[in-house]
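So the structure is just underneath, and the comments pick up after that.
The values are calculated or read from the model by the stated rules, or taken from the named source; none is laboratory data. If you're wondering where the values come from, they're calculated on a predicted model, not measured in any experiment. Cβ: placed from backbone, ideal geometry, glycine included. Neighbour counts: every protein chain shown. The protein model used for the area step is the full one, side chains on, heavy atoms only, and it has no ligands, DNA or RNA in it. Shrake-Rupley method; radii C 1.70, N 1.55, O 1.52, S 1.80 Å.
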Amino acid sequence: MAADDVLLEIQDLRTHFLLDDGVVCAVDGVDLRVRKGETLAIVGESGCGKSVMARSILRLVDPPGHIEGGRITLHREGGPVELVGADRRLLRQVRWRDIAMVFQEPMASLSLVHTIGSQIVEAVRLHENVGKAAARKRAIEMLDRVGIPMPQRRVDAYPFELSGGMRQRAMIAMALSCRPSLLIADEPTTALDVTTQAQILELLRDLQADFGMAIMLITHDLGVAAQVADSMAVMYLGRVVEYGAAEQVLAAPRHPYTRALLRSMPRLGRASRTRLTAIKGMVPPPYARPDGCPFHPRCDSVVAGKCDVVLPRRVPMADREVSCLLYEEEA
Ligand SMILES: Nc1ncnc2c1ncn2[C@@H]1O[C@H](COP(=O)(O)OP(=O)(O)O)[C@@H](O)[C@H]1O
Ligand SMILES: [Mg+2]
């Protein structure tokens, strides 16, 4: 991948929670890149550190969580900036303007006591030198663009006056109102019914084509990832275990965890009548991190005396990176 293609580069990111009972290594050495204009899907079961990783990028992790180490470099116009250790001023600039975020539950990020329009106007005016009237016009345009009917009226609605799907559209309108180069969407469709989910995904795809932004799409649903992703990173217990072009990872998964995830998915990669197999065991509790490869207690291909001892490193292959001891000799 050409270096000037990269928009965001994450290197050895570690985000930990210091609790009374011990340290939870929610993100434990993540390496990733987001290229300009692409959709990178982050997939993995619940509890694997996807949200904490995403929130670390915008430094939205609250104590007792903190970034223990690593680098997050944003390559923006005018040169790269380092987000780990960035001061408040730089972070304020980067949030919304360069990187915007939408969450599963829009009510968590929309204010309940302000109209949709006034929140978009405020976001726009914080970052751009435009008057109120122009910002309001932009808000109406954005609401229109995300498919909210009667945007001239809805601009003065409060979030609770909208349906779940409309609220998520309003949240996306707000996120994109400053034309960020990266949109981080954390389970943006998980709370929605299947039809609305499909509409929101299509909307994201359209907006991406229009605005040329990159999207980091976090989802526990491989089907969602398969619909929209260019690249895919599979996370397990705070680490990326497989990372590559989505089509190739889905067509020929190499990490045993990716394979197990795919087998547990309806529709993907199977004849419709074959039984779904659940991944054996559960994601272990955060304190009980296994030695060696974190996935070894659940792995079909585990090699005793090896996988329970050695932490796999990232093995670069022709079309992807895999962290699994099965492939270390190949490299
Ligand atoms: N505020 C918090 N305090 C303590 N532990 C947390 C907190 N937030 C997340 N974690 C832990 O970090 C790990 C990763 O969580 P998360 O990123 O939310 O997973 P995912 O988004 O993949 O479902 C989990 O083990 C979770 O229990
Ligand atoms: Mg999450």
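Summing -39500 (n - 2.57) over the DSSP H runs of n ≥ 4 in the chain and dividing by its residue number, what mean residue ellipticity at 222 nm do you reach, to the nearest 500 deg cm²/dmol?
Calculated at 222 nm, the ellipticity per residue is -8500 deg cm²/dmol.
If I model a spin label at residue 88 and residue 163 as a point 7 Å from the Cα along the Cα→Cβ vector, what separation in nanometres do I get?
Once both label points are built, they end up 4.2 nm from each other.
Compute the separation of the alpha-carbon centres of segment 283-302 and segment 116-147 and state it in Å as a whole number.
47 Å
Kindly provide log₁₀ I(q)/I(0) values, in the same order as q = 0.09 Å⁻¹, from the Debye equation applied to equal alpha-carbon scatterers of segment 154-304.
-0.38
Modelling each spin label as a point 7 Å along the Cα-to-Cβ direction, I'd like the residue 60/residue 304 distance in nm, to one decimal.
Each label point is offset 7 Å from its Cα along the Cβ direction, giving 4.6 nm.
For residue 311 and residue 193 in one chain, what is 0.36 nm times their gap in residues minus the Cα-Cα distance, to one decimal in nm?
38.5 nm
So if we plug the beta-carbon distance of residue 318 and residue 11 into 1/(1 + (r/R0)^6) with R0 = 25 Å, what FRET efficiency do we get, rounded to 0.05?
0.70
Give me the percent of the accessible area of segment 3-240 that comes from carbon and sulfur atoms, probe 1.4 Å, all protein chains in place.
48 percent
Below 8 Å between Cα atoms, with a sequence gap of 6+, how large is the relative contact order for the chain in percent? Provide the component values of the computation, followed by the final result.
Working: 618 pairs, mean separation 64.0, N = 331.
Once normalised by length, the contact order is 19 percent.
List the longest stretch of the chain that has no exposed loop site; here a site is one of the GluC sites (Glu not before Pro) assigned by DSSP to anything other than H, G, I, E or B, with at most 10 other Cβ within 10 Å.
Segment 78-328 is the longest.
Please list, in order along segment 29-46, the HN-Hα scalar couplings obtained from phi with the Karplus expression 6.51 cos²θ - 1.76 cosθ + 1.60 (θ = phi - 60°), rounded to whole Hz, x for Gly and Pro.
Residue by residue, segment 29-46 yields x, 8, 10, 7, 9, 10, 8, 4, x, 8, 10, 9, 8, 10, 10, x, 5, 4 Hz.
Cα to Cα, under 25 Å, and not fewer than 8 places away if on the same chain: which lysines meet these conditions relative to residue 50?
Within the straight-line limit of under 25 Å, residue 50 reaches these lysines: 36, 280.
What dipole magnitude, in Debye to the nearest 20, does the chain give about its Cα centre under +1 on Lys/Arg Cβ and -1 on Asp/Glu Cβ?
That gives the chain a dipole magnitude of about 680 debye.
Return the FRET efficiency for the residue pair residue 252, residue 283: r is the Cβ-Cβ distance, R0 is 35 Å, and the value is rounded to the nearest 0.05. Could you put the intermediate results ahead of the total?
Values: r = 24 Å, r/R0 = 0.70.
Efficiency computed from Cβ-Cβ geometry: 0.90.
Wrap a convex hull around the Cα atoms of segment 1-98, take a quarter of its surface area, and give that in square nanometres.
Computing the convex hull of the Cα atoms and averaging its projections yields 6.9 nm².
Over the Cα atoms of the chain, compute the convex hull volume and normalise it per residue, giving Å³.
About 145 Å³ per residue, rounded to a whole number.
Scan the chain and note any complete DSSP helix (H) whose C-alpha atoms cover at least 20 Å along its axis and whose Kyte-Doolittle average is 0.0 or more.
TM-like helix candidates: 194-211.
Restricting the calculation to Cα positions, tell me the Rg (one decimal) and the Dmax (whole number) of segment 1-52 in Å.
Every Cα atom of segment 1-52 included, Rg and Dmax give 13.8, 45 Å.
How high is the FRET efficiency from residue 221 to residue 129, r the C-beta distance, R0 30 Å, rounded to 0.05?
FRET efficiency, residue 221 to residue 129: 0.15.
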